[in-house]
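Read the figures in this text as sums done on the coordinates, not as results from a lab. Keep in mind that what you see is a predicted model, and the values were worked out from it rather than measured. Heads up, the Cβs are rebuilt from the backbone with ideal geometry, glycines too, and the neighbour counts pull from every protein chain shown.
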Amino acid sequence: MEAEALNCPNCGAAVASNHVQCEFCKTRLKTVACPSCFGLMFVGTQFCGYCGAKAVQTTIDENTDLGNCPRCRRSLDGLVIGEVKLRECLKCGGMWSDVATFEGICADKERQSAVLGLIDNRKINFDASTKISYVPCPDCKQLMNRSNFAHSSAVIIDVCKKHGVWFDAEELPKIIEFIQKGGMEIARERERMEIRDERDRRRDEHGKQAAFDRRFGLAGVLDDDEHADIRRFIQKLFD
């Protein structure tokens, strides 16, 4: 991406967009995109210099104890984008979100736009051909489970049930795109249909079982759990 001249949000001096520090006041700099026009601006800028839209308040978390990247093992950097708190790996582009933050992103379009504004302008070195394996949670260091988000998005994320979600580069934008295209509603409807089908199946099985018991005089005889296997075995003999 070609460097552009932007203004330092602290002292107002002109600084190239590819600089990570203001050469005048030494403020740490990071570029994000305007959620309205996607023009570049530095984190901390109040208004977009291109369209004038009010920028989402974004700050850099100076906390240095944010855990390590599950892939690169380097220290994670923190960002606060409005109400969204994320940790990112500046090398591979991976991102970490706690459970509450991820739920907020899934439910709120403004948060989705703010996150995309950050991600769209990152320079990353993630090798998509790298063999994907189970990785440790940055907080508890336990190996995380891999899961297909919403069971139908085809985006496989790494989940620690206690602490949060790890997204490799490009995974979070894909999930947001999936949500914005109505993927969550489709997934929920599919789940409701599966529950309804399972309920109908169980009701049919219960009816067949009751008829079987009445036929062979087993009603009330084999109802306890320890006899469940016996019941199934007997029924198979007559299926």
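For the pair Arg214 and Glu23 in one chain, pulling the backbone fully straight at 0.36 nm per residue adds 60.0 nm over the alpha carbon distance.
Overall shape of the range 1-55 was characterised from the C-alpha gyration tensor. The equivalent ellipsoid obtained from it has semi-axes of 18, 12, 8 Å, in decreasing order.
Summing Lys and Arg as +1 and Asp and Glu as -1 over all other residues whose Cβ lies under 10 Å from the Cβ of Asn10 gives a net charge of +2. In a fully extended conformation the segment linking Glu110 and Glu185 would gain 25.2 nm over its present Cα-Cα distance, using 0.36 nm per residue.
Among the listed pairs Lys91/Lys161; Lys30/Lys141; Lys141/Lys162; Lys109/Lys174; Lys30/Lys162; Lys30/Lys85, those with a Cα-Cα distance over 19 Å are Lys91/Lys161; Lys30/Lys141; Lys30/Lys162.
The magnitude of the dipole of the range 1-112, with charges of +1 and -1 set on the Cβ of Lys/Arg and Asp/Glu and taken from the Cα centre, is near 220 debye.
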